[in-house]
Each structure stands twice: as C-alpha cells, then as structure tokens.
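One structure below.
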Amino acid sequence: MSGSGRRITDEEINELVSKLQSLLPESRRRNTGRASASKLLKETCSYIKSLHREVDGLSDRLSGLMATMDSNSPQADIIRSLLRS
Amino acid sequence: MESKSFTTGNRDNPNTDLHGSKNMMASHFLRALFRIQQTSTSSSSFAGRSRRIRRAAYASMAYSAGARRAWSRALLRKLRSRARLRFPRRLSRTARPQRRDMDQAQVLRKLVPGGPSMDYCKLLEETADYIRCLTTQVRLMQTVMDSISSYAHHPMIP
C-alpha cells in the first residue's frame, strides 16, 4: 500500500491508527478512548511488550512440562496427534 | 482438547490468508517442539530448552507470514544469522518519523522486527499484522500447554 514517493494523507494515518486500536484488548482500549495517536501508540507498545513476555513465560512453562516427558510418554503422543489434526 | 479456540479464532477477520497461515504456524511450531523434546536429555538445561522453544515460537510466526511482510522478512533474517533473539532491538539512526507522536513511534520501531527502516505509515501497517501474528502464536502455545498439562492430570489408564 505505501510507496516511498507517495504522499500519505492524514486520513490514511488515522485509519491505520484506529485499526491498531481495534487490535488492542478491551481493557487497553478503555485506557485510550478517543485519545491522541501518541497515547494509542504508547498503549500499543505496552501491549506488544506484554505479548513478548507471554511468549517468554509460555516457553518457560512448556520447557518445564517437557522436562517430565520422554519419547515414550503419552504427552509425546499428544504432540504427534496435534500435528495430525 | 481445547484446540477449538485456536483454530476457529477470530471470525471477524476478513483476511482469508489467516486460516492457512495459522495451520502453517501450528504445524511448524509443533514439529519444532517435537524435535526439541526428542533431542532433549535429562542433562539438558531448563533455560536452554526454554530458549529453543522461544526461538521456535518466533520462527513459526515468521514462517507463517513468510516473505509477505517486512516484519517477518526481518525476523527470518535475524533467525538465519543465528543471532541471539533479543527484544527490544537497538534503535537504528536511519529512522526518521514524520509526525508529532515521534517518541512513541521510535519506541514502537524497537519492538517490531524491521521497524527501524520503516516510515511511519509502513510501521503502523506492519505493527497491526505483527500483533495479529503474536496473539495467534500465544494462543497456540496456550493450547499446546493445556493439552499437555491436562493429560498429566487426567491420564488415560487402560
């Protein structure tokens, strides 16, 4: 959509910013309301950081769970069956 | 098994690519998990395994979006260089935000892969896609977690 030679209108920017707002979870959207783009971007940054932390946390937890599995355990079969479905 | 919530996902999303890329993400991630589990020994460190899982998560995200997105291309380059995956990245000096809300745009550029070389408009587009992908990956990991741990509590005894 965007090319480097093209003039980008404020309207297009606003549209993109409100699209970002729609991607925020409800609780974060309440914080921004009809806030400025700056506030919305701040909330977006905060949200992305929390998602990164979730990936970290889930990786840790999966690591812990996998420590209890060996290749013959039923949990390995679960992963295999998830693959097939 | 709670796989329903992952695969049906967001019905409002008009992006028809999403379903296909979700499947790709899931199969890539599960395959990687399986490999990690197979090559993991009792002496493997918890932290090392966790790092591999984390890397697999970001790889699955990047592969599911493929070359279609600037953020996924940047992430794939990073993964291929075997560099340590670190967020947020160091800010590049080439980025030049065009609007008043420049401070937050700079912060955002550090968080989205490939951000530093994007203009403001591109950054907003890529961020939206990156968030969608991240939330999908998180849901996937939660689904896998639930499947494995619910088994541990309710084993099928013949």
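The values are calculated or read from the model by the stated rules, or taken from the named source; none is laboratory data. Not measured: the values here are computed from a predicted model. Cβ atoms come from the backbone with ideal geometry, glycine included; neighbour counts cover every protein chain shown.
Observations on the structure shown:
Yes or no, residue by residue, for (1) among the β-branched types (Val, Ile, Thr); (2) more than 8 Å from chain A (Cβ to nearest Cβ); (3) out of contact with any strand residue (DSSP E or B) (no Cβ under 6 Å at 6 or more places or on another chain); (4) exposed (fewer than 15 other Cβ atoms within 10 Å of the Cβ):
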position: B:SER21; (1), (2), (3), (4): no, yes, yes, no
position: B:ILE36; (1), (2), (3), (4): yes, no, yes, no
position: B:ALA62; (1), (2), (3), (4): no, yes, yes, no
position: B:ALA65; (1), (2), (3), (4): no, yes, yes, no
position: B:TRP71; (1), (2), (3), (4): no, yes, yes, no
position: B:ARG80; (1), (2), (3), (4): no, yes, yes, yes
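- Residue selected from the range A:42-71 under the condition aliphatic (A, V, I, L, M) and either more than 7 Å from chain B (Cβ to nearest Cβ) or assigned to a helix (DSSP H, G or I) (or both), by the criterion farthest from the chain's Cα centre (by Cα): A:ALA67
- Complete set of residues in the range B:111-121 that are surrounded by fewer than 19 Cβ atoms within 10 Å (Cβ to Cβ) and within 21 Å of the chain's Cα centre (by Cα): B:PRO116, B:SER117
Residues checked against (1) assigned to a helix (DSSP H, G or I); (2) modelled with pLDDT under 95; (3) surrounded by 15 or more Cβ atoms within 10 Å (Cβ to Cβ):
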{"site": "B:ARG49", "(1), (2), (3)": "yes, yes, yes"}
{"site": "B:PHE87", "(1), (2), (3)": "no, yes, yes"}
{"site": "B:ARG100", "(1), (2), (3)": "no, yes, no"}
{"site": "B:GLU126", "(1), (2), (3)": "yes, no, yes"}
{"site": "B:ASP129", "(1), (2), (3)": "yes, no, yes"}
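- The range A:17-41: number of residues that are at pLDDT 90 or above and either surrounded by fewer than 16 Cβ atoms within 10 Å (Cβ to Cβ) or facing chain B (nearest Cβ under 7 Å) (or both): 6
- Breaking point among (1) modelled with pLDDT of 90 or more; (2) more than 19 Å from the chain's Cα centre (by Cα); (3) more than 10 Å from chain A (Cβ to nearest Cβ), for B:THR94: (1)
- Cβ-Cβ contacts under 6 Å between residues 6 or more apart (or on different chains), taken from a first residue in the range B:130-158 that is of a type in the set (S, T, N, Q) to a second residue that is crowded, with 21+ Cβ neighbours inside 10 Å and modelled with pLDDT of 95 or more, are listed as B:GLN137/B:ALA57; B:GLN137/B:MET61.
- Contacts under 9 angstrom Cβ, first residue in the range B:66-85 being touching a residue at least 40 places away in the same chain (Cβ under 8 Å), partner among the aromatic types (Phe, Trp, Tyr) and surrounded by 13 or more Cβ atoms within 10 Å (Cβ to Cβ), 6 or more apart: B:ARG69/B:TYR130; B:TRP71/B:TYR130; B:SER72/B:TYR63; B:SER72/B:TYR130
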